[in-house]
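Contents: one structure, followed by commentary.
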Amino acid sequence: MTRLVSIGWAAVAALCAVGFGVVTGVFNPDEKVNGLWLVVASACFYVLAYRFYGRFLARRVLELDDRRLTPAHRLNDGANFQPTNRWVLFGHHFAAIAGAGPLLGPVLAAQFGFLPGFLWLVIGAVLAGAVQDFVILVASMRRNGRSLPQIARDEIGPVTGLATAVAVLFIVVVALAGLGLAVVNALYHNPWGTFTLALTIPIAFFMGFYLQRWRPGRVGEMSAIGVVLLVGAVVAGRAVAQSPSAAWFDLERDTLVWLLAGYGFLASVLPVWMLLVPRDYLSSFMKVSVIALLGVGVIVMAPTIEMPRVTGFIAGGGPIIPGPIFPFVFITIACGAISGFHSLVASGTTPKMIDRESHAIIGYGAMLMESFVGVIALIAASILVPGDYFAINTGLSADTLGALGYPVAHIQELSRLVEQEVMGRPGGAVSLAVGMASIFSALPGMAGLMAYWYQFALLFEALFILTTIDAGTRVGRYLVQELGGMVYAPLRTINWTPGVIGASLLVVGGWGYLLSTGTVATIWPMFGAANQLLGMLALCVGTTVLIKMGKARYLWVTAVPMIFVGVITLSGSYELLVLFARKAAGTAGGEAVAFYLDAILVGIVAVLAMIILADSLAKWYGFVIKKKPYTSSEVTAEEGGITIPAGPCC
């Protein structure tokens, strides 16, 4: 049996190698690539990484042990700390981390060609993004669910702790504005999507009370009811959009912004079991189902990738992203490979709900799934003719694109099929929806339904992103309470009602203001750079945690990706700082103020990141080289063992 298993894994590895050979052009370099090979190569790579590298991290590096008592049991308060079924928790965690980044980032990065984005998506996720998520999740779980800034302060020092807290708060507000921008653009004058998304809120309340009060432990029943209600909401949404009631859900941009902020406030102040967790769990069904259906569509359709491996814009001057491939492809891909925002979820809501330590490996697996989402999004965008792709994602005319060497081919036909003008709709969401609709409509029995699938894809994108906003707002509230607690002690009490309401209002007010005054051009690049900088800081904290666990021999696990991501994002921050300053100097009025604000925010976060890195390096030198004594805030197993029998780690 063992030999058969080994042969099976060897076959997966061989298939993975062949897949990468075809995708990179080692085999048949002059032929166009079939999208199926991107699915095969990435899926095999993820499976191998989870089975071998994920298990290595769980057993050797982090040493997960089910005999330890998790904070979900030790601090159970029924509101923030709550032991949660591992599949429900996986649904929440995946839904919370998988936002706009893996959907829109790879689509926009296709400007450089499909190959650079594909390689960074799969390799970056396995060696950097999933490692960061897993290490920070375990570190927080073993410190009573402390946040990333708290861990930084306890393990590195007050300077790094304060700098991390301020940097993280800046980044959270900017990130939520960036994510919210995609939702607002998708729902703007879209009554079908607005109605369906609104209906998911009462459905989530029903599911929360069903599992918590009426039928405790009946996860299967709740899941079945929730899926039926979600499908019903999607179908009803189309009917409402075609009825006189559509006017109630045909909303302007500003209205959507503040309704979105109101939802974020509710998700932040209510107990996690009541709205946040059931809604994210419900959303995860749609997310996983659609991604699986897209994968099946790629297999059935076997689409040809029309985008070349690399385009003529790798040196810069592209119509979507003006900078060169280094560092902008990494910043643009954002969450699909590594996301600092994930470290906030991994040290925010998720560690407070883990039932057993072995369940923490969801941190590694969820990141791999998000990366696969990015690969599917890249395929959906890259099957479009390059001229059509650029026509959708820029405001350039057909003649201008033809002069650049990318003639428009089928843009009018695409607009007719989806029953909406798609040319000149930048931001990535529309081109992704067109690509997804093309794949879905190619499935058996789906011909002629491209307009339906186009609207469904826009809804999927909005739902995908909204689940990150609710968890992110709650995490932001935790951060504000921690910082405020340094000045006024009662704010540190996580369930103190005035502190909960005040901190939540401050967070939603901040990202709501940026969202109402910003655009894709101002928010998304800043979000990408800030998000990657936070990833570097999280890996920096993770490195310190490994040292204090006595795992200095495994420092390369976090230190190598930290250095790589640090070089990329600090370079990108400098490029953005110069870009925003030039744009501010060339404009006037409110637009100039917005660019100056963007430059200041990027500069502050970059300076704070360098302070944190310098302080950490000094501490590491003392701990590892000078052998200075240190203390750890980790809650040891002796402080509370769990009585349930220990199961297999992973």
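The values are calculated or read from the model by the stated rules, or taken from the named source; none is laboratory data. Note that this is a predicted model, so its numbers are computed, not measured. Methodologically, a virtual Cβ is constructed for each residue, glycine included, from the backbone with ideal geometry; neighbour enumeration extends over all protein chains shown. These area figures cover heavy atoms from the full protein model, side chains too; ligands, DNA and RNA do not enter into them. Shrake-Rupley method; radii C 1.70, N 1.55, O 1.52, S 1.80 Å.
So which residues in segment 484-498 are surrounded by fewer than 15 Cβ atoms within 10 Å (Cβ to Cβ), outside any loop (DSSP other than H, G, I, E, B) and either of a type in the set (A, V, I, L, M) or touching a strand residue (DSSP E or B) at 6+ places or on another chain (Cβ under 9 Å) (or both), if there are any at all? Scanning segment 484-498 gives a single hit, ALA489. Restricting attention to segment 1-57 and to residues that are among the polar types (S, T, N, Q), part of a helix (DSSP H, G or I) and without any contact (Cβ under 8 Å) to a residue 60 or more places away in the chain, the residue that is surrounded by the most Cβ atoms within 10 Å (Cβ to Cβ) turns out to be SER6.
Residues in segment 394-410 that are part of a helix (DSSP H, G or I), open to solvent by 10 Å² or more (accessible area, probe 1.4 Å) and either closer than 30 Å to ALA95 by Cβ or touching a helix residue (DSSP H, G or I) at 6+ places or on another chain (Cβ under 6 Å) (or both): 0 in all.
One residue stands out in segment 604-628 among those that are at pLDDT 85 or above and small (Gly, Ala, Ser): the one that is farthest from VAL565 (Cα to Cα), namely GLY622. Taking residues in segment 103-132 that are free of Cβ contacts under 8 Å to residues at least 12 places away in the same chain, and partners anywhere that are among the basic types (Lys, Arg), not one pair has Cβ atoms closer than 8 Å while being at least 6 places apart or on different chains. Just one of the listed residues (LEU38, LEU69, LEU64, LEU57) is within 30 Å of SER140 (Cβ to Cβ) and within 23 Å of the chain's Cα centre (by Cα), and it is LEU57. Within segment 585-600, the set of residues being touching a Phe, Trp or Tyr at 6+ places or on another chain (Cβ under 8 Å) and either of a type in the set (Lys, Arg) or at pLDDT below 80 (or both) comprises THR587, PHE595, ASP598. Close contacts from segment 374-386, counting a first residue that is more than 15 Å from GLY124 (Cβ to Cβ) and a second that is assigned to a loop (DSSP other than H, G, I, E, B) and open to solvent by 10 Å² or more (accessible area, probe 1.4 Å), with Cβ to Cβ under 7 Å and a gap of 6+ residues or different chains, come to SER382/GLU306; ILE383/GLU306; LEU384/GLU306; VAL385/GLU306; VAL385/ALA409; VAL385/HIS410; PRO386/GLU306; PRO386/TYR406. Scanning segment 444-483 for residues that are open to solvent by less than 10 Å² (accessible area, probe 1.4 Å) and not hydroxyl-bearing (Ser, Thr, Tyr) yields a total of 18.
Here GLY91 meets the list (1) modelled with pLDDT of 85 or more; (2) assigned to a helix (DSSP H, G or I) almost entirely, failing just condition (1). The residues of segment 85-135 that are of a type in the set (A, V, I, L, M), within 22 Å of PRO561 (Cα to Cα) and open to solvent by 10 Å² or more (accessible area, probe 1.4 Å), listed by number, are LEU115, LEU119, ILE123, LEU127.
Taking (1) part of a helix (DSSP H, G or I); (2) within 27 Å of ASN144 (Cα to Cα) in turn, GLU634 satisfies each apart from (1).
Cβ-Cβ distances below 6 Å connect the following pairs, each with a first residue in segment 157-175 that is touching a residue at least 40 places away in the same chain (Cβ under 8 Å) and open to solvent by 10 Å² or more (accessible area, probe 1.4 Å), a second residue that is charged (D, E, K, R) and part of a helix (DSSP H, G or I), and a separation of six or more residues or different chains: VAL159/ASP615. Only one entry of VAL329, VAL345 meets the criterion of being over 30 Å from ASP154 (Cα atoms) and open to solvent by less than 10 Å² (accessible area, probe 1.4 Å), and that entry is VAL329.
Of the residues in segment 521-534, at least one is surrounded by fewer than 20 Cβ atoms within 10 Å (Cβ to Cβ) and either in contact (Cβ under 8 Å) with a residue 60 or more places away in the chain or at negative phi (or both).
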